[in-house]
Amino acid sequence: MGSDSVRGVDRRRLLGWGGLAAAGAVAAGAPPTDAWPGTARALADSPAIPPDTRPGGAYDRYVAKLAAEGKFSGVVLLSHRGRTVLARGHGMADEERKIRNGMNTAFSLSSAGKPFHAVAILQLAQQGKVKLSDTVGTYLTGYAKEIAEKVTIHHMLTGTSGMKTPDEDVQRIFQSQKEVHDFYERWARQATPEAPPGTSSSHSGAEVAIPAQIIEAVTGATYWDYVQENIFKRCGMTGSGFYTRPQWLADEHIAHPYMRVADGSVVDAVRNLDKGSSDPFVLGKNPGRAFIDAPGDGGFATAPDLVRFARALGDGTLLDRHYAELLTGPKLPLAPEGGGGLARRAAGNAPADAGFGAYQMPVGLVSGQWLWARAGANPGVGANWTIYPDSGWVGVILTNRDGAPLWEIIERETRAVLGQS
């Protein structure tokens with residue numbers, strides 16, 4: 001499952017933000033690329049577009065500086081009401097083949113893909129096929145009695161199941177989709193009740209794996225196929241998918257993760273399965289070890305596809321209005337210290353108004369505006385998408401190299417969008 005820990009980032013602060021995490025990136029010296037030339041120029045005179053969000057504005061200059069200093073490799077995108085304001089690619093998607101990052105590059109999402117399973121569950125709830133109050137045992141067998149009879153879908157989507165999941169076998173290299181599927185099915189069934197349902201679960205992996213199993217039990221499709229057909233396809237996310245390791249190696253449109261290992265060198269995590277991260281929190285974890293992302297987690301997406309996903313949450317493409325509101329509605333308050341970082345998402349590090357956990361994502365009020373967001377990280381992988389529903393903005397940050405201050409980049413994005421210098 002995707003790691004929620006990152007070197008150089010306040011781990012406690014990030015873990016408080018509904019499991020959000022930030023990863024770094026380092027540029028490979030390639031010049032930036034612009035995705036849709038002319039679109040930003042057409043918006044240049046709009047009073048709704050803060051100057052800091054525009055090409056050449058403060059946010060663009062800040063990311064370009066990071067790239068020039070070797071601290072960022074990836075893409076950033078800002079969209080306002082469906083129109084692209086800023087789209088930049090920096091660094092290399094594949095250094096060996098000299099392929100640059102751009103708007104058609106798909107990046108590993110790690111935990112930033114977890115809301116896909118929440119959307120899928122709500123689609124089934126909308127159709128009357130599941131109830132959020134249903135327990136695990138309504139659909140699945142083989143779980144501890146306390147889990148089967150007392151843990152509900154709502155508990156899992158809010159991270160309050162009280163379950164504990166054993167550590168993953170991070171040294172294992174998977175060889176097929178079936179092997180990945182079978183492993184995580186067995187692994188989830190080893191979950192044990194750690195605290196009463198309604199209690200925070202310390203990011204239990206079973207809270208991701210079990211909803212995916214419920215989706216499969218109800219629909220008869222694999223989790224990967226269900227999301228591909230009912231989320232990616234509906235949204236027009238043509239560059240997104242649950243790619244396998246062979247696809248990751250062969251497809252020039254998929255960014256390779258470059259991770260720093262114990263001796264200080266940086267290696268391609270997909271091409272070097274025998275290597276491990278130097279990060280003590282994720283030592284040995286390597287996104288290249290998995291043949292495909294675990295059901296309920298991860299996936300790959302391009303930056304424009306994540307904007308399409310964000311827009312589809314609000315226009316009825318994915319969910320009816322009331323179920324879309326249920327997805328993002330505040331469920332439980334996050335602690336003021338950390339709050340997953342929402343406490344620091346206002347300009348000048350002023351406190352956020354409030355932060356809450358929603359379904360597999362945090363939401364918060366910053367300077368009087370709602371923010372819905374999700375991020376994730378693994379060695380060489382960092383992703384963050386933020387929806388600003390009050391003003392119609394969507395921001396995406398995708399990285400493929402260890403070392404960038406992603407948390408700071410997110411803050412800079414928010415300041416630019418809110419028009420705060």
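Every number in this text was worked out from the coordinates using simple rules, so none of it is lab data. Worth saying up front: this structure is predicted, and the values here are computed from it rather than measured. Here Cβ is always computed from backbone atoms with ideal geometry, including for glycine, and neighbour counts include all displayed protein chains.
Measuring r between the beta carbons of S133 and R321 and using R0 = 30 Å, the FRET efficiency lands at 0.90. Karplus-derived 3J(HN,Hα) values for region 230-247, using 6.51 cos²θ - 1.76 cosθ + 1.60 with θ = phi - 60°, are 9, 10, 4, 5, 4, 7, x, 7, 6, x, 10, x, 9, 6, 8, 4, x, 5 Hz; glycine and proline are entered as x.
Remark: region 95-104, residue by residue, has Karplus-estimated 3J(HN,Hα) of 5, 4, 9, 6, 9, 7, 6, x, 6, 9 Hz, where x stands for each Gly or Pro and the curve is 6.51 cos²θ - 1.76 cosθ + 1.60 at θ = phi - 60°. Backbone geometry of region 144-158 corresponds, through the Karplus equation with coefficients 6.51, -1.76 and 1.60 at θ = phi - 60°, to 3J(HN,Hα) couplings of 4, 4, 4, 7, 4, 9, 10, 7, 9, 4, 4, 4, 5, 5, 9 Hz, x marking Gly and Pro. Across all directions, the average projected area of the convex hull around the alpha carbons of region 51-418 is 16.8 nm². Each of R83 and E229 was given a label point 7 Å from its Cα along the Cα-to-Cβ line. The distance between the two points is 3.8 nm.
Less than 5 angstrom separates the built amide H of W393 from those of R81, Y388, all sequence-distant by 5 or more or on a different chain.
In straight-distance terms, cross-link reach from K150 covers every one of the lysines whose alpha-carbon lies under 26 Å from its own, apart from those fewer than eight places away in the same chain; here that gives K114, K129, K131, K164, K331. Counting Lys and Arg as +1 and Asp and Glu as -1 over every other residue whose Cβ lies under 14 Å from the Cβ of K233, the net charge comes to -1. Database remark: amide H of A354 closer than 5 angstrom to the amide H of L365 (H placed geometrically; neighbours at sequence offset of 5 or more, or on other chains; Pro and chain starts carry no H). Sparse packing (at most 15 other Cβ atoms within 10 Å of the Cβ) combined with a DSSP loop state is found for the following trypsin sites (Lys or Arg not before Pro) in region 87-127: R97, K98.
This model, with +1 at the C-beta of Lys and Arg and -1 at the C-beta of Asp and Glu, gives region 51-418 a dipole about its Cα centre of some 700 debye.
Centre-to-centre separation between the Cα atoms of region 79-156 and those of region 180-238: 9 Å.
Each other residue within a Cβ distance under 14 Å of D315 adds +1 if Lys or Arg and -1 if Asp or Glu, for a net charge of +3.
Full extension of the segment from S367 to Q420, taken as 0.36 nm per residue of separation minus the current Cα-Cα distance, would add 18.1 nm.
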